[in-house]
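*Asks:* Sharing a structure with you now.
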Ligand SMILES: [Cu+2]
């Protein structure tokens, strides 16, 4: 029996050493990135913060799981039925009951603490963000104002606005803290960029504010995530994450064109070498309810 135990201990030690050697090759960030447990690769720094919480919550859950499975199999194997005699019957075990009430409470308290810490980090506002975008939602489109730049003619902030023909495009700089300030002109909408793993309701009042740091240049579809009426499902926009210098040039172009130019969004995007129209979504067809039922059924399958 002593020999069996020695072999078991030796195996554990070798396994532990191998694990340490394997993990030593990774930095903590590498390791966390591998241990995603299904968490999507978000395009913001905030999405990465939330990923860390998810990773370590999953590790904690698996640790508890392995322990519980271990105890179950141990009990099943070690206390197999040995005969017809009933095992000793006990009523309660006070220390054990305190233990299995106390330990889960400690676990949820720790998880709760980390959740609150991550949440307040993700929604925190810095004293001085790198730039700001005002998001105005209305039935059923979006307007994006850039308070960093004014139209020299009117002295209003430069802005772009979506229409039935054009998807509104929110341009933001990469690797910069962007403060979003949301207001609605009518009902409650919700600003949602799925690849940012972030969503925030847009109220007529109070104003909602949050900050995001985009970590990957690219085009990301944005949607309204609050049922706001007939064309709610078509209330799409696009976020274009560009370099900081392109972002500044975009604002300069908007200011040069002026808020009166209806085609300024496409022109300013072209000027900074970006596709002039949205690439992730398209404007909805406004005329579809005007058509005869027979026409509708032929294109929409009934
Ligand atoms: Cu909406």
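The values are calculated or read from the model by the stated rules, or taken from the named source; none is laboratory data. Treat the numbers as computed from the prediction; the structure is a model and nothing was measured. Note that we place each Cβ from the backbone using ideal geometry, even for glycine, and neighbour counts take in every protein chain shown.
Residues are listed down the side, and each one gets a yes or a no for (1) assigned to a helix (DSSP H, G or I); (2) within 15 Å of the ligand (Cβ to nearest atom); (3) over 19 Å from residue 251 (Cα atoms):
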| position | (1), (2), (3) |
| --- | --- |
| 119 | yes, no, yes |
| 145 | no, no, no |
| 155 | no, no, no |
| 179 | no, no, no |
| 183 | no, yes, yes |
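*Asks:* For the list (1) modelled with pLDDT under 95; (2) exposed (fewer than 14 other Cβ atoms within 10 Å of the Cβ); (3) more than 26 Å from the chain's Cα centre (by Cα), I need the number of the one condition that residue 296 fails.
*Replies:* Failing condition for residue 296: (2).
*Asks:* Right, another one. Just a yes or no: is a residue in the range 136-159 within 21 Å of residue 223 (Cα to Cα), out of contact with any helix residue (DSSP H, G or I) (no Cβ under 6 Å at 6 or more places or on another chain), free of Cβ contacts under 8 Å to residues at least 60 places away in the same chain and surrounded by fewer than 16 Cβ atoms within 10 Å (Cβ to Cβ)?
*Replies:* Scanning the range 136-159 turns up no residue that is within 21 Å of residue 223 (Cα to Cα), out of contact with any helix residue (DSSP H, G or I) (no Cβ under 6 Å at 6 or more places or on another chain), free of Cβ contacts under 8 Å to residues at least 60 places away in the same chain and surrounded by fewer than 16 Cβ atoms within 10 Å (Cβ to Cβ).
*Asks:* Keeping to the range 159-170, report how many residues are more than 16 Å from residue 180 (Cβ to Cβ), touching a strand residue (DSSP E or B) at 6+ places or on another chain (Cβ under 6 Å) and either in a loop (DSSP other than H, G, I, E, B) or away from the ligand (no atom under 16 Å from the Cβ) (or both). Step through it out loud before you land on a result.
*Replies:* In the first step, residues of the range 159-170 are kept if they are more than 16 Å from residue 180 (Cβ to Cβ); the result is 161-167.
Going one step further and asking which of them are touching a strand residue (DSSP E or B) at 6+ places or on another chain (Cβ under 6 Å), we end up with 161-162, 167.
Cutting the leftovers down to either in a loop (DSSP other than H, G, I, E, B) or away from the ligand (no atom under 16 Å from the Cβ) (or both) gives us 162, 167.
Looking only at that region, the number is 2.
*Asks:* Another question, if that's okay. Just for helices (runs of 4 or more DSSP H) wholly inside the range 1-78: which have at least 2 residues that are at pLDDT 70 or above and in contact with a helix residue (DSSP H, G or I) (Cβ under 9 Å, 6 or more places away or on another chain)?
*Replies:* On the way: elements: 2-24, 28-34, 45-78.
Those helices (runs of 4 or more DSSP H) span 28-34, 45-78.
*Asks:* Kindly indicate which of 208, 185 is within 20 Å of residue 121 (Cβ to Cβ) and touching a strand residue (DSSP E or B) at 6+ places or on another chain (Cβ under 7 Å).
*Replies:* 208
*Asks:* Residues in the range 123-138 that are within 16 Å of the ligand (Cβ to nearest atom) and more than 19 Å from residue 239 (Cα to Cα): how many?
*Replies:* Filtering the range 123-138 for residues within 16 Å of the ligand (Cβ to nearest atom) gives 135-138.
Add one more test, that the residue is more than 19 Å from residue 239 (Cα to Cα), and what stays is none.
Result for the range 123-138: 0.
*Asks:* Say whether the condition of being free of Cβ contacts under 8 Å to residues at least 12 places away in the same chain, within 20 Å of residue 193 (Cβ to Cβ) and either surrounded by 14 or more Cβ atoms within 10 Å (Cβ to Cβ) or within 16 Å of the ligand (Cβ to nearest atom) (or both) is met by at least one residue in the range 239-261.
*Replies:* Scanning the range 239-261, I find no residue that is free of Cβ contacts under 8 Å to residues at least 12 places away in the same chain, within 20 Å of residue 193 (Cβ to Cβ) and either surrounded by 14 or more Cβ atoms within 10 Å (Cβ to Cβ) or within 16 Å of the ligand (Cβ to nearest atom) (or both), so the answer is no.
*Asks:* Still on this structure, please answer the following. Return the total of residues in the range 189-234 being in a loop (DSSP other than H, G, I, E, B), within 14 Å of the ligand (Cβ to nearest atom) and more than 14 Å from the chain's Cα centre (by Cα). Can you show your working first?
*Replies:* Of all residues in the range 189-234, those in a loop (DSSP other than H, G, I, E, B) come to 197, 203-207, 215-217, 225-231.
Next, only the ones that are within 14 Å of the ligand (Cβ to nearest atom) stay: 203-204, 225-231.
Checking the rest, the ones that are also more than 14 Å from the chain's Cα centre (by Cα) come to 203-204, 226-231.
Looking only at that region, the number is 8.
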